[in-house]
Ligand code: UDX
């Protein structure tokens, strides 16, 4: 009989995982402790913007016309316990307030609620990004509190926002930390389709599985900060970091990806994951192994400050008082509405606090941005944001911004100065339209 799957937590990770599991043919029951989220998902609506996810939900959520009916949602733990053969825990592990370490309270409370309802034989699979050592502790919790024959596996998730559906259905790799052949066999069954299509299936122990995730994110963060450090050098030496990245990227050992210099990385994962990793290394007595991540973090944060300086320079040098600044982009990356630790909003906020009149526009992130930074100005379009601006900052590389007509924007701007914080605009096109174009890590021209 086909496996029945539950998914605990319906954020980016959980909602996508639940829909993907239904797409792979399983009966799926998703749980969240927030009833509003369950209501939305049960109606086929996604509580965030993620390309393709709503379509995928519509194909499977029970009660939607024409759907497979394989996907349902609930707030009842008992129902979850009765239903599932395999339970995926997909809750959030944000950074702890005032500390580097990650906040395990959502994971802990999910396991505390799940354990007592597991009366049948079941496999619990942790997907959340956790400090190494957590799986062992949580396995002991299950052994103590679950009445049924229950095992734990750790199966980190590598999905990128904006590509969550694709990354979940066609993962680069599936990594499973297991302690028995039975657990491995069950997970091979769950991931049979992507593995048949060629996704490598890596079997390992708990600590390695937990570490793969934090190591991967640390490597990506390091790559971005490396190229941003090169941007600092290029700026001082009149070099061009975009050309430099292209040229070193031709070396296959280095590769072209994740070498885009600019205002740096943000979001709900990379910044907090490298910090949690440093905190955990400290607890393990090997903090020296990761001191370089401190530098990675500070190079990254420095880019935001540098962007503010470039903007101050562009409006006359001394201060932002009485100056209008248009900010294009609020989300931490394009094709997402996520503004968590967004470099764009950070820069906008800093300028606002220094007395500048900031107007932000973003294709999808306006609602979240308003909630986080209610005191910033917001416009309904890029053109409206640019109207009357003394400088335009391009901080999130949405396609919509690349397709803007610089001549039309030039008509409404107060000064034609654009600062490209993502090295993504066509500088020739902007310069032709009379704009002074400056980018991070590139010559002034
Ligand atoms: C990341 C990992 O990529 C993913 O595997 C993991 O599961 C979760 O964390 P995500 O947070 O969605 O995914 O974003 P990602 O695409 O990695 O981008 C992170 C940040 O780095 C963004 O702010 C992006 O703008 C920035 N970035 C990315 C750069 O500044 N330069 C680059 O070359 C690439």
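Out of everything in region 352-381 that is crowded, with 24+ Cβ neighbours inside 10 Å and touching a helix residue (DSSP H, G or I) at 6+ places or on another chain (Cβ under 7 Å), what residue ends up being farthest from residue 332 (Cα to Cα)?
Ranking the qualifying residues of region 352-381, first place goes to 358.
Scan region 218-234 and tell me whether some residue there is within 16 Å of the ligand (Cβ to nearest atom) and more than 26 Å from the chain's Cα centre (by Cα). Talk me through it step by step, then tell me what you get.
The first filter runs over region 218-234 and keeps only residues within 16 Å of the ligand (Cβ to nearest atom), leaving 218-232, 234.
Within this subset, residues satisfying the condition of being more than 26 Å from the chain's Cα centre (by Cα) are 234.
For region 218-234, residues within 16 Å of the ligand (Cβ to nearest atom) and more than 26 Å from the chain's Cα centre (by Cα): present.
Has region 221-229 got at least one residue that is assigned to a loop (DSSP other than H, G, I, E, B) and closer than 16 Å to residue 301 by Cα? Steps first, please.
Within region 221-229, the first condition is being assigned to a loop (DSSP other than H, G, I, E, B), and the residues that meet it are none.
No, region 221-229 contains no residue that is assigned to a loop (DSSP other than H, G, I, E, B) and closer than 16 Å to residue 301 by Cα.
Can you name every residue in region 138-160 that is out of contact with any helix residue (DSSP H, G or I) (no Cβ under 8 Å at 6 or more places or on another chain) and crowded, with 16+ Cβ neighbours inside 10 Å?
Once the filter is applied, which keeps residues that are out of contact with any helix residue (DSSP H, G or I) (no Cβ under 8 Å at 6 or more places or on another chain) and crowded, with 16+ Cβ neighbours inside 10 Å, region 138-160 yields nothing.
Give me the residue from region 129-162 that is within 11 Å of the ligand (Cβ to nearest atom) and touching a residue at least 24 places away in the same chain (Cβ under 8 Å) and, out of that set, farthest from the chain's Cα centre (by Cα). Give the steps one after another, and end with the answer.
So in region 129-162, the residues within 11 Å of the ligand (Cβ to nearest atom) come out as 129, 156-162.
Filter again for touching a residue at least 24 places away in the same chain (Cβ under 8 Å), leaving 129, 156-159, 161-162.
Values: 129: 12, 156: 14, 157: 12, 158: 10, 159: 8, 161: 5, 162: 8 Å.
This residue is 156.
Of 99, 82, which residue is surrounded by fewer than 17 Cβ atoms within 10 Å (Cβ to Cβ), within 20 Å of residue 268 (Cα to Cα) and out of contact with any strand residue (DSSP E or B) (no Cβ under 7 Å at 6 or more places or on another chain)? First the steps, then the outcome.
Details: 82 fails: within 20 Å of residue 268 (Cα to Cα).
It is 99.
Within the set of pairs 6+ apart or on separate chains, which have a first residue in region 215-237 that is touching a residue at least 12 places away in the same chain (Cβ under 8 Å) and over 16 Å from residue 275 (Cβ atoms), a second that is in a helix (DSSP H, G or I) and more than 8 Å from the ligand (Cβ to nearest atom), and C-beta atoms under 6 Å apart?
Correct list of pairs: 227/245; 228/299; 228/303; 229/299; 230/241; 230/244; 231/241; 234/241.
I need the full set of residues from region 55-76 which are over 14 Å from residue 23 (Cβ atoms) and surrounded by 19 or more Cβ atoms within 10 Å (Cβ to Cβ), in order please.
Result: 72, 73.
If I ask for residues that are in contact with a strand residue (DSSP E or B) (Cβ under 7 Å, 6 or more places away or on another chain) and away from the ligand (no atom under 16 Å from the Cβ), which ones from region 189-203 would you list?
Those that are in contact with a strand residue (DSSP E or B) (Cβ under 7 Å, 6 or more places away or on another chain) and away from the ligand (no atom under 16 Å from the Cβ): 190, 191, 195, 201, 203.
Give 345, 372, 393 a once-over and let me know the one that is within 16 Å of the ligand (Cβ to nearest atom) and closer than 20 Å to residue 427 by Cβ.
Numbers: 345 fails: closer than 20 Å to residue 427 by Cβ; 372 fails: closer than 20 Å to residue 427 by Cβ.
Testing whether each residue is within 16 Å of the ligand (Cβ to nearest atom) and closer than 20 Å to residue 427 by Cβ leaves just 393.
Just to be sure, is residue 299 in a helix (DSSP H, G or I), within 16 Å of the ligand (Cβ to nearest atom) and without any contact (Cβ under 8 Å) to a residue 24 or more places away in the chain? Please lay out each step first, then the result.
Values: in a helix (DSSP H, G or I): yes; within 16 Å of the ligand (Cβ to nearest atom): yes; without any contact (Cβ under 8 Å) to a residue 24 or more places away in the chain: no.
Answer is no for this residue.
May I ask you to verify whether residue 249 is crowded, with 19+ Cβ neighbours inside 10 Å and either touching a residue at least 12 places away in the same chain (Cβ under 8 Å) or within 12 Å of the ligand (Cβ to nearest atom) (or both)?
Details: crowded, with 19+ Cβ neighbours inside 10 Å: no; either touching a residue at least 12 places away in the same chain (Cβ under 8 Å) or within 12 Å of the ligand (Cβ to nearest atom) (or both): yes.
So residue 249 does not fit the description; no.
One residue is enough: does region 330-341 have a residue meeting the conditions in contact (Cβ under 8 Å) with a residue 40 or more places away in the chain, more than 13 Å from the ligand (Cβ to nearest atom) and assigned by TED's automatic domain parsing to the domain that holds residue 317? Break it down stepwise before answering.
Step one: of region 330-341, the residues in contact (Cβ under 8 Å) with a residue 40 or more places away in the chain are 330-338, 340-341.
From what is left, the residues that are more than 13 Å from the ligand (Cβ to nearest atom) are none.
For region 330-341, residues in contact (Cβ under 8 Å) with a residue 40 or more places away in the chain, more than 13 Å from the ligand (Cβ to nearest atom) and assigned by TED's automatic domain parsing to the domain that holds residue 317: absent.
Is it the case that some residue within region 303-312 is within 15 Å of residue 221 (Cβ to Cβ), away from the ligand (no atom under 11 Å from the Cβ), in a helix (DSSP H, G or I) and in contact with a strand residue (DSSP E or B) (Cβ under 9 Å, 6 or more places away or on another chain)?
No, region 303-312 contains no residue that is within 15 Å of residue 221 (Cβ to Cβ), away from the ligand (no atom under 11 Å from the Cβ), in a helix (DSSP H, G or I) and in contact with a strand residue (DSSP E or B) (Cβ under 9 Å, 6 or more places away or on another chain).
Could you pull out every one of the helices (runs of 4 or more DSSP H) wholly within region 117-216 that has 1 or more residues that are farther than 30 Å from residue 267 by Cα and at pLDDT 95 or above? Can you show your working first?
Numbers: elements: 134-145, 164-169, 181-190, 192-196.
Counting at least 1 such residues, we get 134-145, 181-190, 192-196.
Restricting attention to region 262-296, which residues are under 18 Å from the mean Cα position of the chain (by Cα) and either assigned to a loop (DSSP other than H, G, I, E, B) or surrounded by fewer than 19 Cβ atoms within 10 Å (Cβ to Cβ) (or both)?
Our first condition is that a residue be under 18 Å from the mean Cα position of the chain (by Cα); within region 262-296, this holds for 262-277, 296.
Scanning region 262-296 gives 262, 263, 264, 265, 266, 267, 268, 269.
The values are calculated or read from the model by the stated rules, or taken from the named source; none is laboratory data. Just so you know, these numbers come straight off a predicted model, no measurement behind them. Note that each Cβ is placed from the backbone with ideal geometry, even for glycine, and that neighbours are counted across all protein chains shown.
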